[in-house]
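Following: one structure in structure tokens, then a few remarks.
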Amino acid sequence: ILFLAGLALFSPGLCDQVAAQEVKLYPVDEASKDASFKRFRDRLIVAVKRRDRKFLLSIVHPKIRNSFGGDGGAREFVNIWKLNSPDSKVWSKLLTVLSLGGSFDKENGQKIFVAPYISSRWDSIQNKLPRDADAFTHSAIIAASVPVYSKPDADGRAVVLLSYDVVEVDNERSVWKGEHEELLWAKIKTLKGQEGYVKGDKIRSAVDYRAYFKKVRGKWLMYIFVAGD
């Protein structure tokens, strides 16, 4: 142990290699810990699948935060998400968030639920990552045995399989649909240095869209739905 410590002290490259260990972010869903929230979320998922605009607006907090700018509020939520349009993207975005679990936390002494688990649990693995890593440079694989391909093509060669690993993402070399609207293929590098591409629906950033819920006068409401930081 002393020998290795000495080598690490005088060999920064070796120190980096020793530190380059896998970091996993496993799925968590604590919804069932509160029966009232579980019932609420189940109903919300059904409503979102049905694109039930009335129900969705009934659970949006009057002062919901929609971004890190703007004034917030339910009216802004309607405008930002174009809820009067049949092509509103809120349904797909919110369904993905709700389908990826989450966990309870406390805010000003009040219980809240944060979804998805990638966002609610990111802090639990942050100190295991390289010092210059954060939720903007790294993301989490959200399934088991996800192939990493040598090129952005499912017919390409699979370099390695990853399960719930945290990886570095090169957004500039990733493949997007539109102007960074939809991630088709993420260019990634594992913490051990293996590079390749994974399908966009198998990886997620902690600063992608996330939802926060709290009880107001006995009713669960969504009071934050944002992306970014």
Calculated FRET efficiency, Val175 and Ala35, Cβ-Cβ r, R0 45 Å, to nearest 0.05? 0.60
Computed [θ] at 222 nm, helices only, for the chain once each DSSP H run of length n ≥ 4 contributes -39500 (n - 2.57): -7500 deg cm²/dmol
Please find the FRET efficiency linking Ser163 to Lys128, where r is the Cβ-Cβ separation and R0 is fixed at 22 Å, and quote it to the nearest 0.05. 0.85
What shape does the range 92-189 have by the C-alpha gyration tensor, where a ≥ b ≥ c are the square roots of the eigenvalues, rounded means a/c under 1.5, and otherwise prolate means a/b greater than b/c and oblate the rest? prolate
Name the shape class, rounded, prolate or oblate, that the alpha-carbon gyration tensor gives for the range 146-229, where a ≥ b ≥ c are the square roots of its eigenvalues, rounded holds for a/c under 1.5, and otherwise prolate holds if a/b is larger than b/c and oblate otherwise. prolate
DSSP-assigned coil residues among chymotrypsin sites (Phe, Trp or Tyr not before Pro) in the range 34-103, each with at most 11 further Cβ atoms within 10 Å: Phe68
Taking GluC sites (Glu not before Pro) as exposed when DSSP calls them loop (any state but H, G, I, E, B) and at most 15 other Cβ atoms lie within 10 Å, what is the longest stretch of the chain free of them, the sites themselves excluded? 23-178
If I histogram all Cα-Cα distances within the range 189-229 using bins 10 Å wide from 0, what percent of pairs lands in each bin? 22, 31, 26, 14, 7, 0
Over all directions, the average projected area of the alpha-carbon convex hull for the range 43-162 comes to how many nm²? 11.0
Just in the range 134-229: which trypsin sites (Lys or Arg not before Pro) are loop by DSSP and have at most 14 other Cβ atoms within 10 Å? Arg157, Lys192, Arg217
Evaluated at 10 °C and 1.306 mPa s, the Stokes-Einstein D of the chain based on the Kirkwood radius over Cα pairs, in µm²/s, stands at 82
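When the Kirkwood hydrodynamic radius is evaluated over all pairs of different C-alpha atoms of the range 42-100, what value in angstrom, to one decimal, is obtained?
Numbers: mean 1/r = 0.0846 Å⁻¹.
Taking the inverse mean of 1/r over all distinct Cα pairs, the range 42-100 comes out at 11.8 Å.
Give Lys93/Lys128; Lys89/Lys199; Lys38/Lys93; Lys192/Lys215 a once-over and call out the pairs whose C-alpha atoms are over 31 Å from each other. Walk me through the numbers before you get to the answer.
Values: Lys93/Lys128 29 Å; Lys89/Lys199 20 Å; Lys38/Lys93 20 Å; Lys192/Lys215 43 Å.
Long pairs (Cα-Cα over 31 Å): Lys192/Lys215.
Where a number appears in this text, it was derived from the coordinates with a stated rule and is not lab data. All figures in this text were calculated on a predicted structure; none of them were measured in a lab. Positions of Cβ are backbone-derived with ideal geometry, glycine not excepted, and every protein chain shown enters the neighbour counts.
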